[in-house]
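The values are calculated or read from the model by the stated rules, or taken from the named source; none is laboratory data. Worth saying up front: this structure is predicted, and the values here are computed from it rather than measured. Note: ideal-geometry Cβ built from the backbone for every residue, glycine included; neighbour counts use all protein chains shown.
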Amino acid sequence: MSGQNGISRRAALVKIGILLNGIVGTALAVPIVRYFLSPIIRERKMEYGSWLSVGGLEQFPAGQTRLATYKNPVVNSWDGKTGDIACWVRNVDGQTFQVFAINCAHLGCPVRWFAQSNLFMCPCHGGAYYQDGSRASGPPERGLFQYSYKVEGGKLLIKAGEMPTPGQPVANKTGGKMTCA
Amino acid sequence: MRLIQKVGQWFDLRLQLGTTIRETAEHPVPRETASWFYVFGSAALTCFILQVVTGILLALIYVPSVGEAWNSLQTLNHGVSLGWFIRALHGWGSNFMVAIVLIHMVQVFLFGAYKFPRELTWIVGILLLLVTLGMAFTGQVLRFDQDAYWGLGIGASIASRVPVIGPWAVNLMLGGPIIAGATLSRFFALHVFVIPGLLIAFVGVHLLMVLKLGINEWPMPGRIVRRATYLQEYHELTHRDGVPFVPNAVWKDIFFSGFILVAIAVCAIHFGPFGPSGQPDPTIIQTAPRPDLFFLWLYALLSFLPPSAETPILLIGPAIGIIALLALPFVAGEGEKSWRRRPIAVLTILLVAVGLGTLTHLAEHTPWSPVMDAWSSQPIPAEFLHGRTALERHGALVFQAKQCHNCHSLDDKGGQRGPALDTVALRLTEDQLIRQVIQGGGNMPAYGKNLTPAETTALVAFLETLHPAKQKPARNAAQAVALDPNEVSPR
């Protein structure tokens, strides 16, 4: 065998070796990427929205807005308190309700209810909302996020499980209306 | 002494590093660069080493679990001997590191060090700035308290505004649909493995290039950088008039690094560790989350941007800023290095510094936020109530009870969201006051549905009294004429 042939044979072996590693690498990349994207592939389809109880109707007197909490449907044992989420429940007239996300529609800070002036105010950047959740003033572009609700067996249920954010489609569909300041 | 020499020789025969180290240490640098202006890079590296050491020490106790992180921080603060000091060193080390990286960047920019052939050194430097800020943000999340929890919510809200992929970006950032255990775990992985790995790699490349290309010479007005001749000129400069890096230049680096370490330790002892603030329980909503020092300017900016412009500016602004920084050496790779001949560069630095400084200062006072408890904790000063009618005093009561005080100040007490009302009667007539209260506008909610007519009347009667004793309140002259042609003076 000539030297030249030997070199070309080894060069070919190197190329085949690299190709082999490329194939194996690609094959391994599929499960790695799949694992990395698991928060948006598997769970997203299943339990991101479930009907959850925020308590009995007796906790929400007609004409008032009260703080309520619910347990997030997907929780692990090491999640601590973060599975307990707060929301504002407004009993409009004894039959109709409005359930607002605690998160300001601007950047997600917790809004507080002021019953005396019938306003929600945000401590972060000064957003304010009327009692029906519509925007009153400040940087928010829209009203408070609202959960869908239903009454079952004397309990108020809301459809929740995902943190509402300005870009989330579900929140946009059920969200409060825009008003002129 | 001979023993040390023998051991040294034993190792050097096997490692073969002695010559390289000696050549590196003694490589010639331009004489003027042995200056106090050239110490910030090494000081940043010193800070990073301190962060690595204190970070590992904290990891001995810290539990990266949403349920336990806050408790483990309390244990570090109170239960472990000098745990508070290590936390304080890590926290203050972080602030010093960001500050020194920024100062280093300003110095490099003003000295024209990003020009040929050091373009890549500058670009890697920009990456180092970004990963340093990444460490600061992820570190703030690991201090898993109320600020961290709601800060993550703010991050998620910003990420969600990216067109098309926004909602998926949120889920990927949080590791699920809400802020929970998976969120902290991935920020722990970023803060402890991913970003430090990048940082070490970038620091290595950055330092290697500084050694290979030589430190930037002191910029002289009129000494122009040209690609064709620069390398030759720099070589002549260092070999004709150079001094060895060790010891001529390095002693200043060593002194300054030592000074910085002392400063960090003094801050750590005097001010103590950062937080943790309240427990990360999302049902506790009596909180006003604030970011750490180096993100306060962003916090302020987000309050001032008009709603319609916020999303585009938030998403496009940083990209433009980073691209501009990366493109700088390609746009201005040649030419004048001295800041004395680069007025636009100096003005840019001043503008950015004043802008960031102002926003940071504002964020420390948050004049845009309502003072949530002003209505119940800050009474109306007595001089605004003295000698008033019953109706006017009732109006003052409405002012408190309807939380007007949360956004409007009287005698500098109360919120600053809206204008101070000490002299509002000089600015607005009675009719204008009624309209403003009922319809709102100009960033004020409308109170038409929340006030009875009697309450509105009383409130406006009170507001009408808010003018200096020697100045008369505003009035609508046309109205006075229309109602009574003989009586044109105000009531």
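Given the conditions (1) surrounded by fewer than 22 Cβ atoms within 10 Å (Cβ to Cβ); (2) assigned to a helix (DSSP H, G or I); (3) in contact (Cβ under 8 Å) with a residue 60 or more places away in the chain; (4) touching a helix residue (DSSP H, G or I) at 6+ places or on another chain (Cβ under 9 Å), which single one is not true for B:Gly91? Exception for B:Gly91: condition (1). Scanning the stretch B:204-239 for residues that are in a loop (DSSP other than H, G, I, E, B) and either touching a helix residue (DSSP H, G or I) at 6+ places or on another chain (Cβ under 8 Å) or over 14 Å from B:Pro117 (Cβ atoms) (or both) yields a total of 10.
Name the residue that is nearest to B:Pro289 (Cα to Cα), counting only residues in the stretch A:126-157 that are more than 21 Å from the chain's Cα centre (by Cα) and within 14 Å of chain B (Cβ to nearest Cβ).
So the residue we want is A:Gly126.
B:Ala156 - would you say it is within 17 Å of B:Thr138 (Cα to Cα), within 22 Å of the chain's Cα centre (by Cα), of a type in the set (A, V, I, L, M, F, W, C) and assigned to a helix (DSSP H, G or I)? Answer is yes for this residue. Applying the criterion of being assigned to a helix (DSSP H, G or I) and among the β-branched types (Val, Ile, Thr) to the residues of the stretch B:455-478, the residue that is surrounded by the fewest Cβ atoms within 10 Å (Cβ to Cβ) is B:Thr457. All but one of (1) in the same structural domain as B:Asn443 (by TED's automatic domain parsing); (2) out of contact with any helix residue (DSSP H, G or I) (no Cβ under 6 Å at 6 or more places or on another chain) hold for B:Ala353; which doesn't? The single condition B:Ala353 does not satisfy is (1). Per the listing B:Thr54, B:Thr75, the residue uniquely over 30 Å from B:Pro244 (Cα atoms), part of a helix (DSSP H, G or I), free of Cβ contacts under 8 Å to residues at least 60 places away in the same chain and within 28 Å of the chain's Cα centre (by Cα) is B:Thr54. Count of the stretch B:350-392 residues, restricted to those that are crowded, with 18+ Cβ neighbours inside 10 Å and among the β-branched types (Val, Ile, Thr), is 3.
Taking the condition modelled with pLDDT under 95 and either touching a strand residue (DSSP E or B) at 6+ places or on another chain (Cβ under 8 Å) or not in a loop (DSSP other than H, G, I, E, B) (or both), does B:Gly151 pass? Yes: the conditions hold for B:Gly151. Looking across the stretch A:127-165, the residues that are out of contact with any strand residue (DSSP E or B) (no Cβ under 8 Å at 6 or more places or on another chain) and under 30 Å from B:Val398 (Cβ atoms) come down to A:Ser134, A:Pro139.
The residues on offer are B:Pro163, B:Pro167, and the sole one that is part of a loop (DSSP other than H, G, I, E, B) and either surrounded by fewer than 21 Cβ atoms within 10 Å (Cβ to Cβ) or not hydrophobic (A, V, I, L, M, F, W, C) (or both) is B:Pro163.
Which members of the stretch B:304-341 meet the condition of being over 29 Å from B:Glu119 (Cβ atoms) and among the hydroxyl-bearing types (Ser, Thr, Tyr)? Listed by number, the residues that qualify are B:Ser308, B:Thr311. Of the listed requirements (1) away from every other protein chain (no Cβ under 14 Å); (2) within 24 Å of the chain's Cα centre (by Cα); (3) not small (Gly, Ala, Ser), B:Lys252 misses just one: (2).
Can you tell me how many residues within the stretch B:421-449 are assigned to a loop (DSSP other than H, G, I, E, B) and either away from every other protein chain (no Cβ under 14 Å) or of a type in the set (A, V, I, L, M, F, W, C) (or both)? Steps first, please.
Initial filter on the stretch B:421-449 (assigned to a loop (DSSP other than H, G, I, E, B)): B:421-423, B:428-429, B:440-449.
The next check asks that each one be either away from every other protein chain (no Cβ under 14 Å) or of a type in the set (A, V, I, L, M, F, W, C) (or both); those that pass are B:421-423, B:428-429, B:444, B:446.
Total meeting the criteria: 7.
For the stretch B:174-185, filtered to residues that are part of a helix (DSSP H, G or I) and surrounded by 19 or more Cβ atoms within 10 Å (Cβ to Cβ), the residue that is nearest to the other protein chains (Cβ to nearest Cβ) is B:Gly181.
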